[in-house]
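J.: Please read through the structure below; I'll follow up with questions.
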Amino acid sequence: MADSARVLPSKVLRIYQEIDQKTARLQVAFGLLCSPLCGACCDNPEVEATVLEILPLAEEVYRRKEEETVFFVLEEKRNLGDFRCMLYRPNPGFPGTGRCSYYEIRPLVCRLFGFAFRRNKFGNLEFSACKVMRERTPEAVHRAEIGVSQGSDVPVYQESFMRIASMDSAIGYRRLPVNLALKEALERLYWRTRGFDKCEMKSKKANI
């Protein structure tokens, strides 16, 4: 299991790179862009992610040696009842704007938000543009909607999610509030890279 903890983040990242390439082509082809410093999606307290899709981010937290700070902030936000992503840095005085402190390593849900397509109940692709994008760049959204009907290669959320989730079904399918997913990913990565599993952790606690 320790090997999985080391290998999984890099496998997830490879899929993210493929998604980024598709998203970049989508942006160029149809002129789709987020508004500068827009943080409307990050400001949403209902964002969810899986532990698996957030593993690369957890690995980066350890690489930067910021795990103690992250754990402290996660606990502080939980106590305050603030469920917005703890990695989001809003701009004071400018509601709805800000930045992600781990943008390059953000999880799937954040990576595809505003740029992904979904399959409806009939199996047809539909563009899942965000509300802000629809309001500010309706022409670009319309071009994307037409483009997919003409066979453009676009990132599809369900397919991307399943590719990642199938790597480890134990942590790949269960969606959690983003801060909780990050906390579990950090804990899992910490123990699994040291050769412990949950049973061993419980056994050690019982013997203290």
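J.: Would you confirm whether any residue within the stretch 39-57 is outside any loop (DSSP other than H, G, I, E, B), at pLDDT 90 or above, surrounded by 15 or more Cβ atoms within 10 Å (Cβ to Cβ) and out of contact with any Lys or Arg (no Cβ under 8 Å at 6 or more places or on another chain)?
T.: To start, the set of residues in the stretch 39-57 that are outside any loop (DSSP other than H, G, I, E, B) comprises 48-50, 55-57.
Those still in the list that are at pLDDT 90 or above too: 48-50, 55-57.
Cutting the leftovers down to surrounded by 15 or more Cβ atoms within 10 Å (Cβ to Cβ) gives us 49-50, 55-57.
With out of contact with any Lys or Arg (no Cβ under 8 Å at 6 or more places or on another chain) added as a condition, the list becomes 56.
Yes, the stretch 39-57 contains at least one residue that is outside any loop (DSSP other than H, G, I, E, B), at pLDDT 90 or above, surrounded by 15 or more Cβ atoms within 10 Å (Cβ to Cβ) and out of contact with any Lys or Arg (no Cβ under 8 Å at 6 or more places or on another chain).
J.: Right, something else. In this structure, is Ile164 touching a Gly at 6+ places or on another chain (Cβ under 8 Å), in a helix (DSSP H, G or I) and touching a residue at least 12 places away in the same chain (Cβ under 8 Å)? Walk me through how you get there before you give the answer.
T.: On the way: touching a Gly at 6+ places or on another chain (Cβ under 8 Å): yes; in a helix (DSSP H, G or I): yes; touching a residue at least 12 places away in the same chain (Cβ under 8 Å): yes.
So Ile164 passes the test.
J.: For the stretch 114-161, what are the residues that are in contact (Cβ under 8 Å) with a residue 12 or more places away in the chain and basic (Lys, Arg)?
T.: Passing the criteria: Arg118, Arg119, Lys131, Arg136, Arg143.
J.: Select the helices (runs of 4 or more DSSP H) contained entirely in the stretch 63-141, then report the ones holding at least 3 residues which are at negative phi and surrounded by 19 or more Cβ atoms within 10 Å (Cβ to Cβ).
T.: Details: elements: 67-80, 108-112, 131-136.
Qualifying helices (runs of 4 or more DSSP H): 108-112.
J.: For residues in the stretch 45-59 being touching a helix residue (DSSP H, G or I) at 6+ places or on another chain (Cβ under 6 Å) and among the charged types (D, E, K, R), which is nearest to Cys85 (Cα to Cα)?
T.: Glu53
J.: Please enumerate the residues belonging to the stretch 26-36 that are surrounded by 14 or more Cβ atoms within 10 Å (Cβ to Cβ) and at pLDDT 85 or above.
T.: Within the stretch 26-36, the subset surrounded by 14 or more Cβ atoms within 10 Å (Cβ to Cβ) is 26-27, 29-30, 32-35.
Matches in the stretch 26-36: Leu26, Gln27, Ala29, Phe30, Leu32, Leu33, Cys34.
J.: Could you check Phe71 against (1) within 12 Å of Lys183 (Cα to Cα); (2) of a type in the set (Phe, Trp, Tyr); (3) touching a strand residue (DSSP E or B) at 6+ places or on another chain (Cβ under 9 Å) and say which number it fails?
T.: Failing condition for Phe71: (3).
J.: Can you pull out the residues in the stretch 142-152 that are part of a loop (DSSP other than H, G, I, E, B) and closer than 14 Å to Gln27 by Cβ? Give the derivation first.
T.: From the stretch 142-152, those part of a loop (DSSP other than H, G, I, E, B) are 150-152; that's our starting set.
Selection gives Ser152 alone.
J.: Restricting the first residue to the stretch 78-96 and requiring it to be farther than 20 Å from Cys130 by Cα and in contact (Cβ under 8 Å) with a residue 40 or more places away in the chain, which pairs with a second residue that is among the aliphatic types (A, V, I, L, M) and in a strand (DSSP E or B) meet a Cβ separation below 8 Å and a spacing of at least six or different chains?
T.: From residues that are farther than 20 Å from Cys130 by Cα and in contact (Cβ under 8 Å) with a residue 40 or more places away in the chain, there are no pairs.
The values are calculated or read from the model by the stated rules, or taken from the named source; none is laboratory data. This structure is a prediction, so every number in the text was calculated from the model and none was measured. Using ideal geometry, Cβ is built from the backbone for each residue, glycine included, and neighbour counts are taken over all protein chains shown.
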